[in-house]
1. What do you get for Rg/Rh over the protein assembly as shown if you use C-alpha atoms and the Kirkwood form of Rh?
2. Considering only chain A, what is the antiparallel percent among its DSSP beta bridges, to the nearest 5?
3. Defining a contact as two alpha carbons under 8 Å apart and six or more residues distant in sequence, what relative contact order in percent does chain A show?
4. Could you put B:135, B:230, B:129 in order, starting from the residue whose Cβ has the fewest other Cβ atoms within 10 Å?
5. To the nearest 10 degrees, how steeply does helix B:186-196 sit against the main Cα axis of chain B, on a 0 to 90 scale?
6. Taking the Cα centre as origin and putting +1 on Lys and Arg beta-carbons and -1 on Asp and Glu beta-carbons, what dipole magnitude results for region A:56-123, to the nearest 20 debye?
7. I'm checking a number: the convex hull volume of the Cα atoms of region B:47-142, normalised per residue, in Å³. What is it?
8. Can you pull a Stokes-Einstein diffusion coefficient for chain A at 37 °C (0.692 mPa s), Rh from Kirkwood over Cα pairs, as a whole number of µm²/s?
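Values in this text are rule-based calculations from the coordinates and carry no lab data. The structure presented is a predicted model; accordingly, all values stated were derived computationally and were not measured. Reconstructed Cβ throughout: ideal geometry from the backbone, glycine too, with neighbour counts over all protein chains shown.
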Amino acid sequence: MTNASRKLQSILIGTAVAVGLGLSAPAGAEELRIGYLAPLTGGLAQTGIDMRDGFLLYLEQHGNKLGGMDVKLIIEDEQGKGDVAVTKAKKLVLQDKVHMLIGGVLASTGYALAPVSTELKTMYIPSIPAADDLTQRQLKNFPYLIRTSWSSSQPNHPLGQWACDQGYKKIVTIAADYAFGYETVGGFQKAFEDCGGKIIQKIWPPLGAKDFGPFIPTIKADTDAVFSLMVGPMPAQFIKQMRGAGFKKPIIGGGTSYDEFVLPFMGDEAIGDVSALHYSAALDTPKNIEFVKAYRAKFGKVPSYYSENNYTTAQWLDEALKKAGGKWPGPEELIKIMVGIKLDAVRGPVSFDDMRNPIQNIYIKKVEKKKMFGYEKDELWNTVTKTYPNVSQFWTYGKDKFLAQPVYDKNFPPCKFCE
Amino acid sequence: MMGTQSFKIAAVIVSLLVLLIIVPYCNSFVVLLATRAMVFAILAMSLDILLGFTGLASLGQAAYFGVGAYLTAILANNYGFGLKWDFWLMIPIGLAVGGALAAFFGLFAIRATGTYFLMITLALGQCVWGLAYRWNSMTGGDNGLTMKGGRPQFGIDLSNDINFFYLTFGFFAATLLALYVLTRSPFGKSLLGIRERELRMRILGYNVWLHKYVAFIIAGAFGGLSGVLWAHANGIVTPETVVLTTSVDALLMTVLGGAGTLVGGAIGSAIVFGLREYVSTLVPWWQYVLGGVYVLTILYLPTGLMGIPGRISQWRNSQKKRETTKMASAPS
């Protein structure tokens, strides 16, 4: 258990004792109970810890209060499994009577938890799960859901445009074979082909693959670049094996192929690769520098987007609850308030579109080895080379036109230029 | 001997009644866990037919669980089937589809025994997992299928957790009874014979292959039934439902409670759910607790928790024997 959570626990115990003894809490300090779901065991444990730490950092910096309400944070281990997440969510709502649920990592967990929030009429913030349809075609089923992070295809539309601008004509995609991979590749392909590019081949290694030997030789030789979407332990292996196999052309990728979570495990072979996401730890703004330093001093590592998204989630709630007058206004009302709040977040300015997904900057990032923010060692950083400001989940297509097409899938958009 | 048997039956009936009466008054999370544990108990008991009574350790039981669950979700989501009174049709359908899949898999698996049987069932189970994971248009892939229509309603509203608890309890008790009758039948006895000495049964003229095959199908059918219930209990079906871990869980539950006792699977399921889902909300090191329980059981209670009474009487007998030998040897 980390220092922060231990400290928090002692605060919580203190509060509990005070309440138990019948002492009146400080005037106006109502308790806000938050059920927090993150994988703390299993293959996704490190991701879950990053998430939790981001949230805890904000609470700690603000005296364990959000909008003047004392926070009782109950953290449950969802083990990276949808089934378990559902059980834990129900426990949090039914037994601990939490006001809201936050968290989950995988898109599948988001899809598992959203109906629970509807069923139990409890607010749910998928602070990481990026499945497009949570805030698109299926949003109408989830009245208590508001997303503070991103949708899978959101950063990849601008990346497709960017690839065109680089003069790439033909690209091969290689991505983990599951929904998040399909949505990432789909977004990239759509934008890239709309500006004249051609996706000439799509390769789908299984999720969690560590040996890309069977896939690398099949990459078509006439491609200008490769677009990759890797997650978990896959990215470091993929780059190493690609470069080891003598692939000299540019490699670009979806955000999780190069986020700060995997960068420390990568070698110099990743230098020069480009990816797109709504956050980079190398963002050169005073707010971000302050955040990175505080986070690194406390937890000993550079924050990833998992950390930032949860830090910002806490900040957003803080502002919303302030507006609500430091009292729990009920889920509908709080969501209504939250939607209206434009935030100056660590990642840049963020606001909500009318389908409760953030409108935010998308950063095109290049892996570079350098010193940053006064740290002594040369390290890999995601240097921001271009910013697409205020990107919505619908990119430039417009909401109605975008929603008229089906959700990105393995076969959508169809691979017109594949053979 | 008959006395202990009827005592055991009485004990089981009493504990079932206690469960039925107490649980609805517990907090709603406990109701939820009890419901899930009973669904898994059905799965564990179905596996016990193979493991405990036929001597076949299968690592593919999640396959039948999975097809039952996926079929329920697909029919409900795509055709609205099984959400009204036709839920009762889903039960035989679940049994049939689990049985049918087992009938198919059995053709490959039954020819092997021991470790080879374990490997083949594992591989077949993973095939189903692969299908669930990759057949996106049908199974939703990694995202799984959410039961959009909620739980069935036919006069009784099953979306009420307590009603659903009663329903699951009904199926649990019925399964227990059915499998008990089965294992006491001549067919069940012949399975025991196969477990103890297959060669002898063959020499006696039994069609050993067929007996095993039928047992395999019955186990699959009840696995399918538990899958139907799981889809409604959980509200979502994901590849996680069909993955190897689910098969291993079922196997561990059976071994933990005591293979060859039926009730053992239910006890194992209750303990695993209690430790995994409940203790994990209390302490972060719940995995050590669960692991410790497994290791201690294997080391000290190879016959499972249901073996405890037997162990005690064995120990008493040996004490008695020692005393009598002492007394006998004393005068000389």
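1. Ratio value, two decimals: 1.02.
2. 40
3. It comes to 17 percent, rounded to a whole number.
4. Ranking B:135, B:230, B:129 by Cβ neighbours within 10 Å, fewest first, gives B:135, B:129, B:230.
5. With rounding to tens, the tilt is 70 degrees.
6. Dipole about the Cα centre, nearest 20: 180 debye.
7. Considering the Cα atoms of region B:47-142, their hull volume per residue is 95 Å³.
8. My calculation gives 150 µm²/s for D.
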